[in-house]
Each structure stands twice: as structure tokens, then as C-alpha cells.
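The values are calculated or read from the model by the stated rules, or taken from the named source; none is laboratory data. Quick caveat: nothing in here was measured; it's all calculated off a predicted structure. Glycine also receives a Cβ, built like all others from the backbone with ideal geometry; neighbour counts cover every protein chain displayed.
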Amino acid sequence: MKLRQCFGIFIVLAGLVAMNNRLLTAEQTMWKAGIAKTEITPTQPLWLAGYASRTHPAEGKLHSLWIKALVLESADGQQVVLVTSDLLGLPRDMSERICTELQKRYSLERARIMLTSSHTHCGPVLWEESSGAHLPDIYPLDEKQLSSIKAYSLALEKTIVATVAQALSDLKPVTVWRGQGSSAFAVNRRNNNQNQVAQLRACGETLKGPVDHSVPVLAVRNADGKIRAVIFGYACHGTTLDSYQWCGDYAGFAQINLESSYPDAVALFWQGCGADQNPLPRRSVALCQRYGAMLASAVEEVLHQPMKPLTPQLGTAFEQVDLEIGEVPTYTDLQAAASKGGYQEHWAKRLMKQLEENKTFDKSYPYPVQVWKLGAEQLWISLGSEVVVDYANIFKSKYGNSTWVTSYANSVMAYIPSHRVWEEGGYEAGAFEAYGLAAKRWAPDIEEKVTTSVDRLVGKLALDQLKPTN
Ligand SMILES: [Zn+2]
């Protein structure tokens, strides 16, 4: 009897210790995860992406650039693949070729693949089949540069597929946990003068404009409770630096810091709706490292608190919604733009040539919208291109504050304004000249189109979960 009581107490204590150490419980053991990372730092002097003002290719690196892949598998064998990257963004054709290859080789449906980019402005320019380069008009690229960019980009496609393959072959039992912290270095760049931000902060003044300072965190733990991967997001442009050295900007430093704190783990960063957010003040390596340290410390704070375990189930939905272009430029508009010089002149002349060849401009863009549900409760929305922060706030007020909203996902081709930003105008209402699109503005229903699409996909997941599983 005494022995049995003693054994019972031992079982209870062992259970408590297991919970405390975040060891596996029966229900949570049914997740599996595979993780892989591959360095993608260019070994030749390619052009750096994101700014029209650069005049020559890269000169070495501040730190390495990476492709990272996480595969999560639910109890019923469904898989999702998250790819993160130290890149400005993936052009649509490249993203589609990667997804087609993953579908062909591993039967991964489109909805199960999320290809993201950190939007660092110190990564390589990528190749786009239709125009030669992604954002084709802002870089002064000669034939030699274009051919190097093409060779690098085609090799990168293969690297992304190979990294996913490596993650798929690495599946091991894990537990999966969610949490959320915050960090306040992102500033709404439409509402604040960047030269005044440091002074305003020093005086305790409130900065203006909507922001999303949340730091969503997903922790993947091994059977022994050790962290194997930490996935985190933040809504802020990767524009602390504008130098000539390869760098993942603040997100690159944040990942390095986390991988240094957790040497057995891989840290993966995704960009939120940071299209109208900048890290301010900026333009020094010290500030970039500081923002990286702030973000990593916000993530670690979450990892040290009790996190919520996710049950091993997945829901996925994807669609391309046609976003209508409200107004395309006329030949006269393009003549006026050509007189401005710089990238606007390149954009205008390229499009004038198309009109002279009797080509017509597209009336809409197939915009990627994706929704995942991890466990029973974690909603994860991912949107293509440069999405302004209003969307994160709209979806959080609709679906709850813990909703994750990734942007710069699947393909990047312009800015996606909310109705407010569309009405106000300015760079974040489109930036078509920088991206090379034949458009003057989006149609006024852009916000409605995007939010209706998300609502439809969220509704589809809710319905799918009611279906009996075999
Ligand atoms: Zn941007």
C-alpha cells in the first residue's frame, strides 16, 4: 500500500515536472516539425535591392543572408511549409515556379506553402521574367549585372526547394506553443518627420499614426523541452540601413541574437504589415543592431513566460483575388512622367514603348491571400506585397488581438493601401512607378476586396473543420 501511494505521488510529481519543463503531453506529442536553413549570401558583387539611389553593386557583408524553412505536420499528417528569407520580396513568377516544383515533388497544395521575405533593403535584386529585374526601373543595371542577377535568382529557386526538401526529411515529434510580446521601435512614417522622432521620444511625446507593435512568437520544442525553432514577426520596414553590404537589417540581427541565445535552435522572421512603418531613427549599424536586440529581447521575454500549447491540427486556405487597377497611365501621362528623370523616366519610357507596340496594360493583378489555422485557435493571415498597418489592425479587431498578419508573402509587386491611405494618396497608395506596374492607382474598393477575401477564407476554414475526418 505504502509503495503504491509512493508510486502514485511519484507519477503526479513527474507529471508536474514534465509540464513545468514543457515536456510532451500525450495530446501535444502528435505535432512533428522539420527545420532547415541555407546561406544565400551572394558570392559575387550583385546589386542591392530596395533603393533607387545606389550607384554600384555590393561590397562584402555585415552578416550572412539566409533561406529558412519550417515544416509543421499535424496529428492527421497534414503539412504546412513556411519559408522565411533575407530578401526584399519574391517576384510572382519566381514564387509560382517554386510552388509548382514543391507541388510536383512533394504533393504540397498551394495553400500549404507560405513564402515570405523580411523586406531587408540590403539583400540582392532578383530576376523577374517579364521585365528582367524585380522593380526593373529603379536600378541602373547593365547586361552583365542582369545576367548575374538571373543566374543568382535561378540558383536561389533551387536552393529554396532544396531547403524545404531538407526540412521535410527532418520531421521529429515536437510541441508547438504560441505567445505575443511587443516592441516599439516601428514608427508610422507617413505621420512623423523622421528627423524629429528621436527628439519627440526624448521629450516623452506620443508619435502619430497607426502602428502594430505586437511581436507574435511561435516556439517549437523538442521532446526534451529544448527550443528547436522560434518563429516571430514584426511590422516594420527593413530600412535601418542603406549601405552596400549584405545584411538582413534589424530582422537579421534579431535572428542572430536568438540563435546565439538558443544555439540548438533556428530563428525565423516574417514581416508584418509594415509598409508604412520605418525603424526610426535610422541609418547606422549601431541602431540596426539595437533594433535587432530589442526585437530579440521581446521574443525572449515571451519564451520565458508561460506560452499556450497548440493542439496538433492545421487548417489552410488560399486564393488569388483580382485587385482592379483603378486607372492606367495614358501616353500623355507617360510623357509627363518621362520628363521627371530618374526611375520615373525609365518606367515611363518602358511603358511608352509597350503602347507604341500596341500592347495593352493589365486591368487587374492576381493578389495572393492565404489563411492558416494552427491548433484550434491561432489564426494566421498572410497577404502579398507591401501591406499598410491598417490591415493588421482591421483583422485584429475582427478576429482577436492574437491574430497574426504576415505581409510581403507569396509575391511582392506594389503597395497595398487601406481605403484611408488610398484616399490620402502618397507613396504607400501604390508606388507603381518604383515597382514598374502600368498603373496610376488601385480601384477604390481595394480594402473591401482584400478583407472580403480574408473573411471568405476564414469562413472556409471554419466550415472545413466541421467536416468529419476519415
Ligand atoms: Zn518597402
query = What do you reckon, is V161 under 19 Å from the mean Cα position of the chain (by Cα), assigned to a loop (DSSP other than H, G, I, E, B), among the hydrophobic types (A, V, I, L, M, F, W, C) and in the same structural domain as A75 (by TED's automatic domain parsing)?
reply = no
task = Output the number of the condition that N278 fails; it satisfies all remaining conditions of (1) within 24 Å of P210 (Cα to Cα); (2) away from the ligand (no atom under 16 Å from the Cβ); (3) in a strand (DSSP E or B).
result = (2)
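Among residues belonging to segment 250-275 that are of a type in the set (A, V, I, L, M, F, W, C) and over 19 Å from L287 (Cα atoms), point out the one that is nearest to the chain's Cα centre (by Cα). Working first, answer last.
Pass one, segment 250-275, residues of a type in the set (A, V, I, L, M, F, W, C): 251, 253-254, 256, 258, 265-270, 273, 275.
Going one step further and asking which of them are over 19 Å from L287 (Cα atoms), we end up with 265-268, 270, 273, 275.
Working: A265: 20, V266: 16, A267: 14, L268: 10, W270: 4, C273: 9, A275: 11 Å.
Checking each candidate, the answer is W270.
With respect to R112, is the statement that it is more than 16 Å from the ligand (Cβ to nearest atom) and more than 18 Å from the chain's Cα centre (by Cα) true? Please lay out each step first, then the result.
Numbers: more than 16 Å from the ligand (Cβ to nearest atom): yes; more than 18 Å from the chain's Cα centre (by Cα): no.
Taking the combined requirement at face value, the residue does not satisfy it.
Which residues, counting only those in segment 26-76, are within 16 Å of the ligand (Cβ to nearest atom), of a type in the set (A, V, I, L, M) and part of a loop (DSSP other than H, G, I, E, B)? Please lay out each step first, then the result.
Looking only at segment 26-76, we keep the residues that are within 16 Å of the ligand (Cβ to nearest atom), and these are 48-54.
Filter once more, so that each one left must be of a type in the set (A, V, I, L, M): 48-49, 52.
Within segment 26-76, A49, A52 qualify.
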inquiry  = Just to be sure I understand the filter: pairs with C-beta atoms under 7 Å, separated by 6 or more residues or on different chains, first member in segment 361-375 and within 27 Å of W404 (Cβ to Cβ), second member surrounded by fewer than 23 Cβ atoms within 10 Å (Cβ to Cβ) and among the acidic types (D, E). Which pairs pass?
reply    = P366/D322; V369/E319
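Okay, residues lined up against (1) over 20 Å from E157 (Cβ atoms); (2) modelled with pLDDT of 95 or more:
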| position | (1), (2) |
| --- | --- |
| M19 | yes, no |
| R22 | yes, no |
| T29 | yes, no |
| A33 | yes, yes |
| K37 | no, yes |
| L46 | no, yes |
| R54 | yes, yes |
| P57 | yes, yes |
| V71 | no, yes |
key: Inter-residue pairs, beta-carbon under 9 Å, first at pLDDT 95 or above and away from the ligand (no atom under 16 Å from the Cβ) and in segment 83-108, second assigned to a helix (DSSP H, G or I) and among the hydroxyl-bearing types (S, T, Y), 6+ apart   = V83/T163; M94/S153
ask   = Scanning for something farther than 23 Å from V217 by Cβ, of a type outside the set (V, I, T) and free of Cβ contacts under 8 Å to residues at least 40 places away in the same chain, does segment 409-417 turn up at least one residue?
value = yes
